[in-house]
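One structure is given below, encoded as structure tokens.
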Amino acid sequence: MRDDLSGLTALLIVAEKRSFTAAAAALRVTPSAVSQSVRALEERLGVRLLQRTTRSVGLTEAGERFVSRLKPALDDVQAAFESLNELRDRPAGLLRLTVPRVVYEQVVDPIVPAFLAAYPEIRLDVSINDAFVNIVEEGFDVGIRLGEMLDREMVAMKIGGDQRMAVVGSHAYFAVRGKPKHPRELLTHDCINYRSISRGAVYRWEFTVNGEDIDIGVEGRFVANDVRAMVNAALEGVGLAYVFESVVREHLDAKRLVRVLDGFCPPFPGFFLYYPSRSNLSPKVQAFASFMKPRVQKKPK
């Protein structure tokens, strides 16, 4: 393939210059090298493309037809290389991001206008998805997920502080069912479950009891794959929800929801921005990572 491209380039320049010597000067090689390259191309094609005399060089009929189709094609190839150069040198092009809803609402959404204003040549395509996404297989440039879900081969940058989970319910619910004092007591409560889109399984609630991590498969009459739907159900007294503390902080402060089992929900490393490799990292990814870091690294829990 490399030899073919070399021969094609040499043929076009010889056809333009009508001279092996002039073509050699343009390519910065010897006239003999240009001649050999074109001759090798003719042998592979089995067609004579150039008429050669001691004083001039011209295209055969086959050569004229071939060059007329070849030049636009190679111009497109050259344009493709130049477009890569443009993306290599400055932040530009389509940036595809996958992010959970809670992170989009709290972290990404507030910075979108400023980011797009700072980088007018970047187009941002955001997929809001709570399920884990393989960004390589799915064609994303960047992802944001919990650190515990990331592949070790990914380059990860922590954004924001640690996270905590919270078990919450409404005053009306607790007035009828009472408050659990230990995670095991959840087995007798109506719990609002979360079902992962990608894995299909119902999420088991995780706690730390006397320094030991445990998980419990709770039961309830309502299952959802959206955190906001779970919170709304808890507000309406449907049952207890197990969600990120940051999602329900406003409801807790306003006393619309009540938190229980607080002591069994220690903090854990929160969300990370991640991408596949440090080598040949595109300017658009560098720009997004650099733009996010100072805006979220001091964000309160």
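The values are calculated or read from the model by the stated rules, or taken from the named source; none is laboratory data. Everything numeric here is computed off the predicted structure, so don't read it as measured data. With ideal geometry, Cβ positions are generated from the backbone for all residues, glycine too; neighbour counts draw on all protein chains shown.
Residue-wise test of (1) among the β-branched types (Val, Ile, Thr); (2) at pLDDT 95 or above; (3) surrounded by 14 or more Cβ atoms within 10 Å (Cβ to Cβ); (4) touching a strand residue (DSSP E or B) at 6+ places or on another chain (Cβ under 6 Å).
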site: ASN232; (1), (2), (3), (4): no, yes, yes, no
site: LEU235; (1), (2), (3), (4): no, yes, yes, no
site: GLY239; (1), (2), (3), (4): no, yes, yes, yes
site: TYR242; (1), (2), (3), (4): no, yes, yes, yes
site: SER246; (1), (2), (3), (4): no, no, yes, no
site: ARG259; (1), (2), (3), (4): no, yes, yes, yes
site: CYS265; (1), (2), (3), (4): no, yes, yes, yes
site: PHE271; (1), (2), (3), (4): no, no, yes, yes
site: SER279; (1), (2), (3), (4): no, no, no, no
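So that you can scan it fast, the table gives a plain yes or no per residue for (1) assigned to a helix (DSSP H, G or I); (2) modelled with pLDDT under 90:
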site	(1), (2)
PHE132	no, yes
VAL136	yes, yes
GLY143	no, no
GLU148	yes, yes
ASP151	no, yes
LYS158	no, yes
GLY161	no, yes
PHE174	yes, no
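For every residue, the table says whether it meets (1) closer than 16 Å to VAL285 by Cβ; (2) not assigned by TED's automatic domain parsing to the domain that holds SER196.
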| position | (1), (2) |
| --- | --- |
| PHE132 | no, yes |
| GLU137 | no, yes |
| PHE140 | yes, yes |
| ILE144 | yes, yes |
| ARG152 | no, yes |
| GLY169 | no, no |
| TYR173 | no, no |
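Listed by position, the helices (runs of 4 or more DSSP H) contained in region 1-68 that have at least 1 residues being surrounded by fewer than 19 Cβ atoms within 10 Å (Cβ to Cβ) and in contact with an Asp or Glu (Cβ under 7 Å, 6 or more places away or on another chain) are 31-45.
For region 209-227, state whether one or more residues are in a helix (DSSP H, G or I), more than 28 Å from the chain's Cα centre (by Cα) and either closer than 23 Å to ARG184 by Cα or touching a residue at least 40 places away in the same chain (Cβ under 8 Å) (or both). The answer is no; no qualifying residue exists.
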